[in-house]
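One structure is given below, encoded as structure tokens.
Just so it is clear, none of the values below were taken in a lab; they were calculated from the coordinates. Since the model is a prediction, treat every value here as computed from it, not as a measurement. Virtual Cβ from ideal backbone geometry, glycine too; neighbours counted across all protein chains shown.
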Amino acid sequence: MTPTIRASSFFQKRYLKVKDDGVIFMETAVFGSKRRFPFGHIDYVLLSPAHLLSFQVGSVVCSIPTKPGNAQHQQAIQKFQAAVAASHQVTGGFPVEPPPARAV
């Protein structure tokens, strides 16, 4: 089962699906579409005190309201945060420093 946050209203359809390779975000009012974002492209994730989950990809900011008492929302938020954090971890290798300058 894919963790999903649904926050639709009469005039607007909104959801966030957390897949294994990224998220699918849908927001339609009059116009809109479904968008897919790989976890590695997501720059920031923020959960506001008003329970609004937002994430930024480049200059695009997507937001969806969440319910703290909804177990499926909490599961989706946790999986989303963990997957974004894991995609930004540096693995292996040593930092590369330029060679010291030589006197001539």
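Tabulated data for the structure shown
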| item | result |
| --- | --- |
| Order of R35, R102, R6 under a 10 Å beta carbon neighbour criterion, fewest first | R102, R35, R6 |
| For H73, H51, order by how many other beta-carbon atoms lie within 10 Å, fewest first | H51, H73 |
| Positive minus negative residues near H73 (Lys, Arg vs Asp, Glu; Cβ under 9 Å) | +2 |
| 0 to 90° range, to nearest 10: angle between helix 71-87 axis and the chain longest Cα axis | 20 degrees |
| Highest-MSF residue in the chain out of P68, P38, P49 [GNM, Cα springs under 10 Å] | P49 |
| Space enclosed by the convex hull of the alpha-carbon atoms of segment 1-61, per residue, Å³ | 99 Å³ |
| Cα-centred dipole magnitude for the chain, charges only on beta-carbon of K, R (+1) and D, E (-1), debye, nearest 20 | 400 debye |
| Computed [θ] at 222 nm, deg cm²/dmol, the chain (DSSP H ≥ 4; -39,500 (n - 2.57); rounded to nearest 500) | -5500 deg cm²/dmol |
| Separation in nanometres of the label points that stand 7 Å from Cα toward Cβ, at S54 and T28 | 2.6 nm |
| Residues in segment 1-17 reached by a label modelled at Q75 [backbone nitrogen below 17 Å; 7 Å Cα→Cβ] | 1-7, 16-17 |
| Highest-first arrangement of 76-86, 52-62, where packing means the average Cβ count within 10 Å | 76-86, 52-62 |
| Proxy reagent accessibility, fewest Cβ within 10 Å first, across Y44, Y15 | Y44, Y15 |
| R0 of 35 Å, Cβ-Cβ distance R102-K19: FRET efficiency to nearest 0.05 | 0.10 |
| Kirkwood Rh and Cα Rg combined as Rg over Rh, evaluated for the chain | 1.19 |
